[in-house]
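A quick write-up on the structure given underneath.
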Amino acid sequence: MNLLASLPTVIGTAAVAPALLILWLVIAADERPGPAPRIWTAFLLGAASISLLGVIRAPFLRLLATPENPWIVQAMHSLFGVALPEEAVKILVILAVSARRRPFADPMDTVVYGAAAGLGFAAYENLAYLVQHAEMWRALAALRSVLTVPFHGALGVIAGAYLAIARSGTALGAHRHNRDWARISSWMLVLLAPLGLHAAFDYPLLTLQRAPDIDSTTRLILGSASVLTGFSSIAFAIRLVRRVGRHHAPRTDLARQRLGQLRRMWALLVVGGGAGFIGLVFVLTSIHHWLVNPDRNVSLVLIPIGLVSILIGIALLVVTTAIYILGRNRMRGTARGFSSAPSQG
């Protein structure tokens, strides 16, 4: 048996790497990235929130069993069986992580927390799908990394962006002539926007899955509708990131230099966190394989590889954090030059 095929280690890497890459892209759009512990907490809680889906879905089980029309059944299932529970747990994570905000916190922090929660959820779900369908994991990993993983991240970004807009009022471009309605509608859209997009994305896919006898033209229309919804949601999330981020865009050369330094440090943090996470998956799956498989030699060889990956990840995290802490005072000493606000003459 192929060494890499004997364990889901490569599958784990393929499942987690797209989520970490997209998380880095969102962080890179932020001039002042929020605290690293909170971002990683949002990512891990987003992954762990999958365990709450059954609890949130339970009240709707009887409702899902009521309709007799198969099209209505699929619509109800996509809305109350999939979209509502998944988006609800992500929003709970975003609210929990952003509850204790720093004074004058950057609204982009909430957007990044939303992306981290959505991508953590996507990484765990991706891992489950790839392990479950190990015989076709390559094609599935490629498909999900292009659409499903960024789609989950986009929904988290949308929820986080509307939460930031609701908290900031008209400061982020909300309608200035009806502030109360702007704030209320933003709070509503924290749930309704990702919920509607998620349901619209899942409905065609669930219909195709449950009704394989549909004619080819209808299948093409349903598949195209799902893909269009997915990419439109990603584009909408990018637009919201720009809407929130442009209010804090760097305007000086020193600010741009500082932003470049922060992005490089965050790149190391993402690589370090990813290496540690993948190494942990490597070790745990190797131990599981060693316990259940009579041929245990391969697992014994692969466990040290996982431990080395964990050590590399920890080293990158420690070194990058030390560089940031040691250089923080120097960067603060030139805060006026780094400020994104225009200088006062």
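Structure notes:
- Conditions (1) at pLDDT 85 or above; (2) surrounded by fewer than 24 Cβ atoms within 10 Å (Cβ to Cβ); (3) within 26 Å of Gly34 (Cα to Cα); (4) among the aromatic types (Phe, Trp, Tyr); number of the one not met by Phe80: (3)
- Checking the stretch 107-115 against the condition returns a match, with at least one residue being open to solvent by 10 Å² or more (accessible area, probe 1.4 Å), within 15 Å of Tyr162 (Cα to Cα) and modelled with pLDDT under 90.
- Test: residue in the stretch 198-220 that is acidic (Asp, Glu) and either part of a helix (DSSP H, G or I) or crowded, with 16+ Cβ neighbours inside 10 Å (or both): yes
- Options Ala174, Ala164, Ala154: the member that is at pLDDT below 75 and either open to solvent by less than 60 Å² (accessible area, probe 1.4 Å) or part of a helix (DSSP H, G or I) (or both): Ala174
The values are calculated or read from the model by the stated rules, or taken from the named source; none is laboratory data. Because the structure is predicted, anything quoted here is derived from the model rather than measured. Please note: Cβ atoms are built from the backbone with ideal geometry, for glycine as well, and neighbour counts cover all protein chains shown. Accessible surface areas use protein heavy atoms only, side chains included; no ligands, DNA or RNA. Shrake-Rupley method; radii C 1.70, N 1.55, O 1.52, S 1.80 Å.
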